[in-house]
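Participant: Structure provided below as structure tokens; questions to follow.
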Amino acid sequence: MKKITFVIACMLAIMSARAQDCTAVVVPYSENFESATPPALPVCTTGQNVGTGNNWTTSVPGSNGFTTNTLTYLYSLEAANAWFYTKGLNLTGGTSYRLTYKYGNNGYAENLKVAFGSANNAAAMVTVLADQPGINNPDGPLTKTIDFTPATTGTYYIGFNVYSIGNQNSLFIDDITVNTSPACIEPTAVTLSNTLENATTISWTAASVAPASGYDYYISTSATAPTAGTTATGSVAAGVLTATAGSLTSSTDYYVWVRSNCGSSSYSEWTGPAVFTTQCDYGEILTTTAATICGQGLSMLSATANDGAVIKWYNAATGGNQIGQGPTAAAYVTQTTTVYVSASNGDCESPRQAVLVTVTPATPIVATAANPNICTGGTTTLSVTSTNTDYTYAWFPGNIAGATLSVTPAVTTTYTVFATDAAANCSIASSVTVTVNPIPSAINITPATAAVCAQQAQALSVVGGTLGGEATIGTATTLTGDYEIPTAFLNRYPNYWSQTIYTAAELTAAGLTAGNIISMAYNIATPGSSNSNTAFTVKIGTTASGSFADNTYMATTGFTTVFGPATYSHSDSGWQVITFSTPYAWDGVSNIIVDVKYNGVDQSTNSQTYYTETAQNMVISEYGYSAGTLNGSVSLKRPNVKFVSYLPTTVTWTPAEHLYTNAAATTPYVAGTAATTVYFRSATVGTETITATATSSVGCTSTGTVSIAVSTTDAPTATATQSLCGSGTVANLSATGTNIQWYAAATGGTALTADTALTATTYYASQTVNGCESPRVPVTIQLNVTDAPTGTATQSVCGSGTVANLTATGTAIQWYAAATGGTALTADTALAATTYYASQTINGCESAVRFAVTVQLNVTDAPTGTATQSFCISGTVANLTATGTAIQWYAAATGGTALTADTALTATTYYASQTVNGCESAVRFAVTVQLNVTDAPTGTATQSFCISGTVANLTATGTAIQWYAAATGGTALTADTALTATTYYASQTINGCESAVRFAVTVQLNVTDAPTATATQSFCSSGTVANLTATGTAIQWYAAATGGTALTADTAITATTYYASQTVNGCESAVRTAVTVTLNNVAAPTGAANQTISVAGGDTATLEDIVVTATGTVTWYATEAAALAGEGALPAGTVVTAGTTYYATQTINGCTSTAVLAVTIQAILGNTDFDAHAFVYYPNPVSNVLTIEYSANITSVSVSNLLGQQILSAKPNATNATIDMANLAQGTYMVTVNAGAATKVIKVVKN
């Protein structure tokens, strides 16, 4: 849509330009974009998009200080590369021109380039005037000024080029002007340095055209800029770009401007201000004393300072650490060193001075270790030698004396030995490092133990025995935001690319060792919009860089792809481990760079990732990247990461006898050969222990063992002849032993399955113990057969029966539901009209063939009827109905005794049977009985009414409510029956049944009395109904004693009678209380509108000198509005001035007049007057400083606001006085000037 809008805007601009005269113009030229209709560009200007992002348009940003039409580049996901060109400008070769413009943006860094050329296209923009990368000033516009000189005369176009990576933000440009450069060009970039308590050094960048007479500078404690006529504080000669300003006041803010002096009274504009604050009033170092020592050790330093100053000693010229305080200090040095000293007055400290400590050489010593590389738990001997036989030695850590020392460090340790020659007062130290190498991890042999048969091969494999490390880089608990990069898992945008540098020093310090890095992990607090990312790819390579020099990605040529591309899924929080498919071989000394790319889901949020801020840019990242992307955004926020590495060791086995290197155990293992898997095979019965040893490159070892038991197995035992009925399977054979297997032959062959059918032959059994199978034992099989029983083939049963009713002739008869298979039926199994099968068992053998019997069942159906039968309150079995023959009723669906006809019914289910041809139906017809009883209605037991009511006003909850005067009996009352204060009774009727119990309601009739009140109530001038008072509940006021509508609280009251009611328990009083209202009006005080006041010589006139007539209290105000509002009353004794009007009110009995008396003071007689001809003040209106001049000394000046409050005062005691009003708010002020006994009051307007 943005592109369509811009195309339309461009077409409109072109059409408009064709209708305009777009010939080149002469300077001065300006473009404020107000002539354009957004988003179109002004006529005769053009835009050119040479990238994939947006183009320039116009808009009204409404923020960042840009509130009118502005040239705008809008946010785009694509990289920006767009030009805006001014109208053609006719410029003269060799003439200097000045270009100015405002610029800014609203977050993220944008880049701007400004150039000019002979045509309005990118190719012609060959002369660059400014390149401004990284613009990010959301607080308001900045102004850029550029002076340039075209080489030849011609038509030129000035181009503004926005360029940046994608997904930045907007850029704004406004108020472009081009004019000839001033005759005298101003300098730029004013800076301050070496600022002391009373001096500073000013520096600036030379003007583009060097001024003939140098530069002027102006220093002030006011931020008010100097003007062309301002006298400079100082100046320097031509070519000089610095000046030292002295005689400054300590702890004071100063403002500095610099201008060019081109000679002949030609000056440039002032450049500035640069702001600085002088240092506080610090102490002074008066003297210092250097020191000299031999070898190394403590040196004593000294210094002196002014009285009261505190001397402090440091190890650096700035920053660093304080190493001492006072006139002397001790510093431990090993080489010629400079320490620094300062002097402080309270919290104010002076700059530091250098004090040199010179170290002269000592006789050298050499510290060595017998074995500088040991394994964890190992011991080595340290030694020190020297040609100086007078040395005594002490080893650290430990402070152990002697030339040799035996040590067993737990970790790599540097030992330092100090040699001291007491006679020569000379010391020296030497160090030796003992490296403690890790022992390989514990070895686990699989299996941990083994039991094998003689000559059976057993594989033995090693797990562990490796060297490795884990390194966590970054431990801070700060978190990235939901929308921020870098991040571990980005899902706000479609894709993500990051590169991160980790130095070898920090990897080693964190515990990582050289070897194969097998995984890395990020720590997150939230998952982001998705728990998985596709095309997740990790590459690792080495780099010589410790940080990113700029925002350019490093080439990944030669990097190892350690993961992906694959879909990576992460949990909601915690460490997310990425296990490498290809380990990265790290050499232990190189910096590494981790390159990560993957796809996001282009939704809302990224994972919040724990990070630690680095000193340099060690991360570069970008989202929405493409194949051509070369740059990203650098960051100090490096995500915390955890690396894991391992390093293989050499594994050997002992003893080598009975070990082999192949699975068939035919190739013998050679002792000392590296192998992680071997094969054991032995013919010797017993237990043998095998040891595996892992050895590191420096000879550190760990071992593991496995015990192998070699054994043989005896044949199982069994009955030699086993008999079976009819048939059987191998599962029916029996033998005593472990893991029995049966074969058809004494040796060889395959074990028979359990379901193999048996024949009358010989079978062979083996057993397996501890994996070893035994010889076989023979078993001979006999098979026995039993005939089927006999009986009646068809048997009849009335209604129902069980298997116990069936008959057959034979031994140990059993009945089945099938001719073969199945389980024998129990005697109580109910019969169905089907065929059953009988077997007999003789000598433990059941007949395989069964005798078939067909069963016939004669069944009577249940009667029919109504399933639910209802009765009012009660009934008997005789009331129940069903359709059938010889009906009988039961209390249960089966069993039980038939009920008699007079059995009382309850609300339950009854069951009916019928009997046909002597057979009672087995199934009974169910009838559910309902007995309907109606409960009494419910409601409020006590019901209140105001004064009266009828039965229709009573309420109860139920159906078909009727009201009675008695709890039982009686006739229902009609709805219009008048209520009395008594009890009434309600019934309800449901399904034609009226409730026997009635609900009782007691009636209360309530009468509310009128409220009480003061009969007459008075108010000042006016009031509302809300001001009336009465005692009672829920008071309401009326304009009449009866009837009418209650008045609202804001109804204005008049001098009349009002009536109050109260409401108690919802009942408003019928009688109202009358209240008569009186209104009291107070008049303003009286007096002459214009008055002249006389006072004694030298006295001042006050409010009390104004003559008024009043019976109450008079209050004065500075304005009529204040008097009417009753706010800001002038205090007693306020001085009045001639020409001023004052306003008074009168208060009587708490009521203040609504009218105001205005009195204007015409003159004040008796004061000594100023000589008007000798009195001058200017400027008026005033912006900053008011100047007052008089022929006599001005003794005092005071400034007051119109409320009479004094704001400023001064006692100049001079004929010329200045009052700084710069910090006063805009408005009118009264300035009182006193010159001895003469007083003058003037009115001054502050702009």
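The values are calculated or read from the model by the stated rules, or taken from the named source; none is laboratory data. Everything numeric here is computed off the predicted structure, so don't read it as measured data. Positions of Cβ are generated from backbone atoms using ideal geometry, with glycine treated the same way; all protein chains shown enter the neighbour counts.
Participant: Go through the stretch 538-560 and report how many residues are in contact with an Asp or Glu (Cβ under 9 Å, 6 or more places away or on another chain), part of a strand (DSSP E or B) and either within 26 Å of T605 (Cβ to Cβ) or not hydrophobic (A, V, I, L, M, F, W, C) (or both).
Facilitator: Qualifying residue count, the stretch 538-560: 4.
Participant: To continue, here is another question. Out of the residues in the stretch 1038-1063 that are without any contact (Cβ under 8 Å) to a residue 24 or more places away in the chain and in a strand (DSSP E or B), which is surrounded by the fewest Cβ atoms within 10 Å (Cβ to Cβ)?
Facilitator: Filtering first and then ranking leaves T1057.
Participant: Tally up the residues in the stretch 640-671 that are part of a loop (DSSP other than H, G, I, E, B) and aromatic (F, W, Y), please.
Facilitator: Within the stretch 640-671, residues that are part of a loop (DSSP other than H, G, I, E, B) and aromatic (F, W, Y) number 1.
Participant: Next question, about the same structure. Quick one: is A1122 within 57 Å of the chain's Cα centre (by Cα), farther than 16 Å from K1243 by Cα, of a type outside the set (S, T, N, Q) and not assigned by TED's automatic domain parsing to the domain that holds A1110? Reasoning before the result, please.
Facilitator: Values: within 57 Å of the chain's Cα centre (by Cα): yes; farther than 16 Å from K1243 by Cα: yes; of a type outside the set (S, T, N, Q): yes; not assigned by TED's automatic domain parsing to the domain that holds A1110: no.
So A1122 fails the test.
Participant: Just give me the residues in the stretch 1079-1095 being part of a strand (DSSP E or B) and either within 60 Å of the chain's Cα centre (by Cα) or at pLDDT 90 or above (or both), in sequence order.
Facilitator: Correct list: T1086 only.
Participant: What residue, of L630, L647, is of a type in the set (A, V, I, L, M), surrounded by 15 or more Cβ atoms within 10 Å (Cβ to Cβ) and either within 30 Å of D550 (Cα to Cα) or at pLDDT below 95 (or both)?
Facilitator: Details: L630 fails: surrounded by 15 or more Cβ atoms within 10 Å (Cβ to Cβ).
The conditions single out L647.
Participant: Considering every residue within the stretch 679-687, establish whether at least one is within 30 Å of G377 (Cα to Cα), exposed (fewer than 14 other Cβ atoms within 10 Å of the Cβ) and without any contact (Cβ under 8 Å) to a residue 60 or more places away in the chain.
Facilitator: No; the residues of the stretch 679-687 include none that is within 30 Å of G377 (Cα to Cα), exposed (fewer than 14 other Cβ atoms within 10 Å of the Cβ) and without any contact (Cβ under 8 Å) to a residue 60 or more places away in the chain.
Condition check ((1) in a strand (DSSP E or B); (2) within 30 Å of A585 (Cα to Cα)) across all residues:
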position	(1), (2)
L405	yes, no
T416	yes, no
I428	yes, no
V434	yes, yes
V452	yes, no
Q455	no, no
V463	yes, yes
G468	yes, yes
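Participant: Also, I was wondering about something else. Which one is farthest from the chain's Cα centre (by Cα) among residues in the stretch 942-979 that are closer than 22 Å to T1008 by Cα and either aromatic (F, W, Y) or surrounded by fewer than 12 Cβ atoms within 10 Å (Cβ to Cβ) (or both)?
Facilitator: A978
Participant: Considering every residue within the stretch 703-715, establish whether at least one is in contact with a Lys or Arg (Cβ under 7 Å, 6 or more places away or on another chain), in a loop (DSSP other than H, G, I, E, B) and surrounded by fewer than 18 Cβ atoms within 10 Å (Cβ to Cβ).
Facilitator: Scanning the stretch 703-715, I find at least one residue that is in contact with a Lys or Arg (Cβ under 7 Å, 6 or more places away or on another chain), in a loop (DSSP other than H, G, I, E, B) and surrounded by fewer than 18 Cβ atoms within 10 Å (Cβ to Cβ), so the answer is yes.
Participant: Here is a further query. For T666, only one of the following conditions fails: (1) in the same structural domain as C700 (by TED's automatic domain parsing); (2) in contact with a helix residue (DSSP H, G or I) (Cβ under 9 Å, 6 or more places away or on another chain). What is its number?
Facilitator: (2)
Participant: Still on this model: Go through the stretch 385-403 and give me each residue that's of a type in the set (G, A, S) and either in a strand (DSSP E or B) or in the same structural domain as Y332 (by TED's automatic domain parsing) (or both). Even if it seems obvious, please write down each step before you answer.
Facilitator: Just the residues of the stretch 385-403 that are of a type in the set (G, A, S), to begin with: 386, 394, 398, 401-403.
Within the stretch 385-403, S386, A394, A401 meet the criteria.
Participant: Out of A535, A505, report the one residue that is in a strand (DSSP E or B), surrounded by fewer than 20 Cβ atoms within 10 Å (Cβ to Cβ) and not assigned by TED's automatic domain parsing to the domain that holds T413.
Facilitator: A535
Participant: (1) surrounded by 15 or more Cβ atoms within 10 Å (Cβ to Cβ); (2) among the polar types (S, T, N, Q); (3) closer than 20 Å to T1100 by Cβ: which one isn't true of Q1162, the others all being true?
Facilitator: Only one criterion in (1) surrounded by 15 or more Cβ atoms within 10 Å (Cβ to Cβ); (2) among the polar types (S, T, N, Q); (3) closer than 20 Å to T1100 by Cβ is unmet by Q1162, namely (1).
Participant: Okay, moving on. Among (1) hydrophobic (A, V, I, L, M, F, W, C); (2) touching a residue at least 60 places away in the same chain (Cβ under 8 Å); (3) closer than 30 Å to T1012 by Cα, there is one condition A1074 misses while meeting the rest; what is its number?
Facilitator: Going through the list (1) hydrophobic (A, V, I, L, M, F, W, C); (2) touching a residue at least 60 places away in the same chain (Cβ under 8 Å); (3) closer than 30 Å to T1012 by Cα, A1074 breaks only (2).
Participant: Looking only at the stretch 511-527, filter to residues that are modelled with pLDDT of 95 or more and surrounded by 24 or more Cβ atoms within 10 Å (Cβ to Cβ); which one of those is nearest to the chain's Cα centre (by Cα)?
Facilitator: Per the criteria, the residue is I524.
So that you can scan it fast, the table gives a plain yes or no per residue for (1) surrounded by 14 or more Cβ atoms within 10 Å (Cβ to Cβ); (2) outside any loop (DSSP other than H, G, I, E, B); (3) basic (K, R):
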position: A745; (1), (2), (3): no, no, no
position: L752; (1), (2), (3): yes, no, no
position: D755; (1), (2), (3): no, no, no
position: T759; (1), (2), (3): no, no, no
position: Y763; (1), (2), (3): yes, yes, no
position: T780; (1), (2), (3): no, yes, no
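Participant: Would you mind finding the one in G1128, G1204 that is assigned by TED's automatic domain parsing to the domain that holds T1239, touching a residue at least 60 places away in the same chain (Cβ under 8 Å) and surrounded by 15 or more Cβ atoms within 10 Å (Cβ to Cβ)?
Facilitator: So the residue among G1128, G1204 that is assigned by TED's automatic domain parsing to the domain that holds T1239, touching a residue at least 60 places away in the same chain (Cβ under 8 Å) and surrounded by 15 or more Cβ atoms within 10 Å (Cβ to Cβ) is G1204.
Participant: A follow-up question, please. What's the number of the condition S530 fails, among (1) buried (at least 19 other Cβ atoms within 10 Å of the Cβ); (2) of a type in the set (S, T, N, Q); (3) in contact with a Phe, Trp or Tyr (Cβ under 6 Å, 6 or more places away or on another chain)?
Facilitator: Failing condition for S530: (3).
Participant: Failed condition for P327, given (1) surrounded by fewer than 18 Cβ atoms within 10 Å (Cβ to Cβ); (2) within 30 Å of T392 (Cβ to Cβ), with all others met?
Facilitator: If we test P327 against (1) surrounded by fewer than 18 Cβ atoms within 10 Å (Cβ to Cβ); (2) within 30 Å of T392 (Cβ to Cβ), just (2) comes out false.
Participant: Select, from T67, T95, T52, T100, the only residue that is surrounded by fewer than 22 Cβ atoms within 10 Å (Cβ to Cβ) and without any contact (Cβ under 8 Å) to a residue 12 or more places away in the chain.
Facilitator: Values: T95 fails: without any contact (Cβ under 8 Å) to a residue 12 or more places away in the chain; T52 fails: without any contact (Cβ under 8 Å) to a residue 12 or more places away in the chain; T100 fails: without any contact (Cβ under 8 Å) to a residue 12 or more places away in the chain.
Going through T67, T95, T52, T100 in turn, just one is surrounded by fewer than 22 Cβ atoms within 10 Å (Cβ to Cβ) and without any contact (Cβ under 8 Å) to a residue 12 or more places away in the chain: T67.
Participant: Is it the case, given these coordinates, that T1141 is closer than 22 Å to L1103 by Cβ, at pLDDT 90 or above, surrounded by 13 or more Cβ atoms within 10 Å (Cβ to Cβ) and not aromatic (F, W, Y)?
Facilitator: yes
Participant: Something else about it: List the strands (runs of 3 or more DSSP E) that sit entirely inside the stretch 825-938 and contain at least 2 residues that are of a type in the set (A, V, I, L, M).
Facilitator: 851-858, 925-932
Participant: Of all residues in the stretch 206-223, how many are loosely packed, with under 15 Cβ neighbours inside 10 Å and farther than 17 Å from P182 by Cβ?
Facilitator: Qualifying residue count, the stretch 206-223: 3.
Participant: When you scan the stretch 199-221, how many residues do you find that are of a type outside the set (A, V, I, L, M, F, W, C) and over 49 Å from the mean Cα position of the chain (by Cα)?
Facilitator: 8
Participant: Would you mention how many residues in the stretch 470-485 are over 20 Å from N591 (Cα atoms) and either crowded, with 20+ Cβ neighbours inside 10 Å or of a type outside the set (G, A, S) (or both)?
Facilitator: The qualifying residues number 8.
Condition check ((1) free of Cβ contacts under 8 Å to residues at least 24 places away in the same chain; (2) on the phi > 0 side of the Ramachandran plot) across all residues:
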site: N533; (1), (2): no, no
site: S545; (1), (2): no, no
site: T552; (1), (2): no, no
site: G558; (1), (2): yes, yes
site: F563; (1), (2): no, no
site: T567; (1), (2): no, no
site: G574; (1), (2): no, yes
site: P583; (1), (2): no, no
site: S604; (1), (2): no, no
